[in-house]
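Everything below concerns the one structure shown next.
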Amino acid sequence: MDLGIAGKKAAVAASSAGLGLGAAKALAVDGVQVAISGRDAEKLAAAKAEIEAASGRDDVVVIEADFSDPAGGRAFVEAAIAELGQVDILVTNAGGPPPGRFVDTDLEGYQSALDMNLLSMIEMCRVAIPAMQERKWGRVCAITSVGVKQPIPILMASSVARAGLTSFVKITAREVGADGVTVNSCQPGSHWTARVSKITDKESAAKNNPSQIIGDADDFGQAVAFLCSEQAKFINGTGLLVDGGAASGLLD
């Protein structure tokens, strides 16, 4: 299906591996020029090569960025705009905080999670969205987690920070929707990435899912690309669960 976004420009945060890479690849395959980011130059070079091989493009922009400080989120989008000319599509994403429960998550752990998984994402939006409003077209998709719908006990700080981002997405979407800008989140369950491999093994992750499989980063990327499409212009302020049915609640 033609998503109607060929020729658009996208900034995809934390996209040298995992779900961010899956999103960047899917957008590039659909004709979008992407700027990718990460902290490791070698991983970024490998991601650039993978995206260009999958899409047949040779124009992937590489930006080294660190989102542990909110200023890093702002700097990434500013650099993407400088390289691409503009940013029509923003995919916010960042590495997750380490596992922890109430008993062993201290205030510093919460602050680190808020800086990386909430405030850096807000800064990206604060840079990108006003220009989207002026052009009367824009897409923002925040990669969050199933934990915003069904908090994960062993990921206390992550669940708290991402829930805050979900609130930001909902409020912002209502404010900017009349300008042709949609703001949504894509909420992954268990997908086999380097981060998940540190928490569980692949067989256990699959057995614990109602679908008896574990997610694929490339399939997840397709879901992100759809939320950024022309066809998704009436989807705004929502969170799309991509979790194989893991979340058991009836209501969002």
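Restricted to region 227-252, and to residues that are touching a Leu at 6+ places or on another chain (Cβ under 7 Å) and of a type outside the set (S, T, N, Q), which residue is surrounded by the fewest Cβ atoms within 10 Å (Cβ to Cβ)?
GLU230
I'd like to check which helices (runs of 4 or more DSSP H) are fully inside region 153-252 and have at least 1 residues that are aromatic (Phe, Trp, Tyr) and at pLDDT 85 or above.
Per the criteria, 156-176, 217-227.
Give the residue, chosen from ILE36, ILE81, ILE63, that is in a strand (DSSP E or B) and surrounded by fewer than 24 Cβ atoms within 10 Å (Cβ to Cβ).
When all the criteria are applied, what remains is ILE63.
Only one of these conditions is not met by SER158: (1) in contact (Cβ under 8 Å) with a residue 60 or more places away in the chain; (2) of a type in the set (Ser, Thr, Tyr); (3) within 16 Å of GLY20 (Cα to Cα). Which number is it?
Of the numbered conditions (1) in contact (Cβ under 8 Å) with a residue 60 or more places away in the chain; (2) of a type in the set (Ser, Thr, Tyr); (3) within 16 Å of GLY20 (Cα to Cα), the odd one out for SER158 is (3).
Given the conditions (1) in a helix (DSSP H, G or I); (2) crowded, with 16+ Cβ neighbours inside 10 Å, and given that ALA49 satisfies all but one, which numbered condition is not satisfied?
(2)
Residue by residue, here is whether (1) without any contact (Cβ under 8 Å) to a residue 40 or more places away in the chain; (2) over 12 Å from ALA10 (Cα atoms) holds:
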site: SER68; (1), (2): no, yes
site: ALA75; (1), (2): yes, yes
site: GLN86; (1), (2): no, no
site: GLY95; (1), (2): no, yes
site: PRO99; (1), (2): no, yes
site: GLY109; (1), (2): no, yes
site: SER112; (1), (2): no, yes
site: ALA128; (1), (2): no, no
site: ALA131; (1), (2): no, yes
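State all residues of region 187-211 that are in contact (Cβ under 8 Å) with a residue 60 or more places away in the chain and in contact with a Phe, Trp or Tyr (Cβ under 9 Å, 6 or more places away or on another chain); if no residue qualifies, say none.
PRO188, HIS191, listed by residue number.
Just checking, how many residues over region 136-152 are at pLDDT 95 or above and more than 22 Å from LEU90 (Cα to Cα)?
Count: 0.
Might you check whether a residue that is more than 28 Å from GLN231 (Cβ to Cβ), surrounded by fewer than 18 Cβ atoms within 10 Å (Cβ to Cβ) and not acidic (Asp, Glu) occurs anywhere in region 179-191?
Checking region 179-191: not a single residue is more than 28 Å from GLN231 (Cβ to Cβ), surrounded by fewer than 18 Cβ atoms within 10 Å (Cβ to Cβ) and not acidic (Asp, Glu).
Picking from ALA217, ALA206, ALA163, which residue would you name as being more than 30 Å from GLN133 (Cβ to Cβ) and either surrounded by fewer than 19 Cβ atoms within 10 Å (Cβ to Cβ) or touching a Cys at 6+ places or on another chain (Cβ under 7 Å) (or both)?
ALA206
Which members of region 73-94 meet the condition of being more than 15 Å from GLN33 (Cβ to Cβ) and either in contact with a Lys or Arg (Cβ under 7 Å, 6 or more places away or on another chain) or among the charged types (D, E, K, R) (or both)?
ARG74, GLU78
Of the conditions (1) over 18 Å from the mean Cα position of the chain (by Cα); (2) at pLDDT 95 or above, ASP104 clears all except one; give me its number.
It is condition (2) that ASP104 fails.
The values are calculated or read from the model by the stated rules, or taken from the named source; none is laboratory data. Since the structure is predicted, the reported quantities are computational estimates derived from the model, not experimental observations. As a convention, Cβ positions derive from the backbone with ideal geometry for all residues, glycine included, and neighbour counts pool all protein chains shown.
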